[in-house]
1. Of the residues that sit in the stretch 163-178 and are crowded, with 20+ Cβ neighbours inside 10 Å and over 27 Å from the mean Cα position of the chain (by Cα), which one is nearest to residue 76 (Cα to Cα)?
2. Working only within the stretch 38-67, note down all residues that are closer than 21 Å to residue 98 by Cα and outside any helix (DSSP H, G or I).
3. Could you check the stretch 188-235 and list, in sequence order, the residues that are under 18 Å from residue 248 (Cβ atoms) and either in contact with a Phe, Trp or Tyr (Cβ under 8 Å, 6 or more places away or on another chain) or open to solvent by 10 Å² or more (accessible area, probe 1.4 Å) (or both)?
4. Filter the stretch 373-384 down to the residues that are open to solvent by less than 40 Å² (accessible area, probe 1.4 Å) and under 33 Å from the mean Cα position of the chain (by Cα), then identify the one that is nearest to residue 359 (Cα to Cα).
5. Filter the stretch 80-111 down to the residues that are open to solvent by 40 Å² or more (accessible area, probe 1.4 Å) and not in a strand (DSSP E or B) and list them by number.
6. Mind counting the residues in the stretch 216-271 that are over 13 Å from the mean Cα position of the chain (by Cα), under 19 Å from residue 160 (Cβ atoms) and in a helix (DSSP H, G or I)?
7. Is it fair to say residue 181 is over 25 Å from residue 229 (Cα atoms), aliphatic (A, V, I, L, M) and either surrounded by fewer than 22 Cβ atoms within 10 Å (Cβ to Cβ) or under 21 Å from the mean Cα position of the chain (by Cα) (or both)?
8. If you go through the stretch 61-78, how many residues are open to solvent by 30 Å² or more (accessible area, probe 1.4 Å) and touching a residue at least 12 places away in the same chain (Cβ under 8 Å)?
Amino acid sequence: MIRKFISRVFGGKSNGAPLQKTGSASAKDSKAAVIPRSTHGISRDQISSGSRRVCETLQSHGYKAYVVGGAVRDLLIGATPKDFDVATNATPEQARRCFRRSRVIGRRFQIVHAYMGQEIIEITTFRGGLVDDAKTDAHGRVLQDNVFGTQAEDAARRDFTVNALYFDPATEQIVDYHHGVADLKQKTLRMIGNPRLRYREDPVRMLRAVRLAAKLGLSIDPEARHPIREMAELLENVPASRLFDEMLKLLTSGHAVKCLQQLRAEGLHHGVLPLLDVILEQPLGEKFVLLSLANTDERIRQGKSSSPSFLFATLLWHEVLSVWERIKAGGESSIPALYQAMEEVLNIQGEKLAITRRIAGDIKEIWALQPRFEQRAGRRPYAVLEHPRFRAAYDFLCLRAQAGELDAELADWWTRFQDADGEARSQMLLPDQGARKKRRRRKPRAASAPTAPAEQG
């Protein structure tokens with residue numbers, strides 16, 4: 001404790017850090033507004049114990065350390081942060097040496113993961129301004145950026161003003177370089193720097209603008225909003241894995257319906273999900289998708305988990321139905337046609353979103369179980385109940401019934417069947433029409449058997 005106190009008072013040792021030492025940001029950079037706890041209202045007790053310990057440890061070694069970005073933003077609006085990231089002037093290797101359980105990860109920009117009990121705290125070094133020879137693609141997207149800098153440069157490199165906020169657990173002050181606190185109060189999402197240039201550096205920022213505006217109830221500043229529609233084509237050059245990650249964040253934000261509506265309003269849905277605009281132009285498909293997203297939003301607001309497989313299964317289901325009907329019309333039987341439709345739709349989608357093999361497998365199982373729900377005779381319903389994806393497929397079935405896609409009686413039957421005991425279940429089974437047909441076909445063969453020798457003779 002004495003070492004920490006001395007370190008904070010006298011600036012501590014530099015340990016070779018290339019940036020600023022621990023100290024007041026206002027004394028180092030006049031552009032930064034330092035907001036006391038009496039004004040912003042956040043206390044150190046509101047951040048996680050792991051992030052507090054990370055900041056304390058780094059500061060005890062003479063470095064600057066702050067809880068940064070989304071966590072500070074969420075606390076200011078009264079929301080519960082999902083995680084707590086830390087920014088520091090220590091290089092990744094210097095930060096790693098401060099923690100017994102930590103490791104350096106990343107290629108484009110190295111970061112440190114520090115393990116604090118059950119928490120994994122992400123530690124990033126302050127980023128510097130883009131250098132003239134920064135590696136970019138033909139469209140201006142930054143491909144490699146491992147340049148360190150000052151705290152002020154780091155703030156300028158962040159995307160939106162509401163994300164450029166630094167909270168010091170030691171002093172309980174917020175360091176605000178770009179009036180992010182004021183923008184939050186004015187419910188405005190404002191880009192730091194020139195929006196057109198920032199979108200070229202990273203086109204995913206356009207999706208992030210939509211997600212944050214919907215999640216936080218903010219209006220996108222006109223200067224940041226106007227270029228989005230005309231620059232949407234830049235998303236074509238973003239790696240599919242990054243688009244998938246951002247789309248997943250959007251769908252599991254707890255405000256997916258608002259995000260989807262805003263995506264359409266900004267003209268981004270064509271570049272994100274190539275099939276989404278087709279699905280949403282079908283009245284039945286739009287109702288089905290919006291019901292799914294509304295249910296997901298409610299689950300997330302209640303603190304329950306959500307399934308990426310289920311979400312993407314609902315988004316793409318009506319395109320599967322369309323392709324399924326086309327293949328059947330070509331003469332293919334029903335079930336093989338369904339499997340061909342599933343492969344075709346997922347392959348097209350995979351060109352834009354890198355849906356993982358595991359999630360794609362789960363999606364197929366949810367879809368493949370839908371025709372099997374119609375089989376309610378013999379042992380087939382019991383086999384469906386034992387399927388690992390039964391619960392997700394059953395929820396999918398109920399959603400289809402709720403959207404008016406199929407008769408609600410089928411979903412009601414499965415609701416009662418899974419809750420019934422053994423005897424009650426057997427009484428609910430429908431007559432096996434297939435078995436009756438087989439018995440009818442056997443009778444003529446049995447009758448003609450005795451006459452066969454006479455005919456041969």
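The values are calculated or read from the model by the stated rules, or taken from the named source; none is laboratory data. Here the structure is a predicted model, which means the values were calculated and not measured. Don't worry about glycine lacking a Cβ; one is built from the backbone with ideal geometry, like all the others, and counts go over all protein chains shown. The accessibility values were calculated without ligands, DNA or RNA, using every heavy atom of the protein model including side chains. Shrake-Rupley method; radii C 1.70, N 1.55, O 1.52, S 1.80 Å.
1. So, considering only residues that are crowded, with 20+ Cβ neighbours inside 10 Å and over 27 Å from the mean Cα position of the chain (by Cα), the one nearest to residue 76 (Cα to Cα) is 174.
2. If the condition is that a residue be closer than 21 Å to residue 98 by Cα and outside any helix (DSSP H, G or I), then 47, 48, 61, 62, 63, 64, 65, 66, 67 are the ones that fit.
3. Within the stretch 188-235, 202, 205, 206, 208, 209, 211, 212, 215 meet the criteria.
4. It comes out as 384.
5. 80, 82, 83, 93, 96, 97, 100, 101, 106, 107, 108, 110
6. 17
7. yes
8. Total satisfying the criteria: 3.
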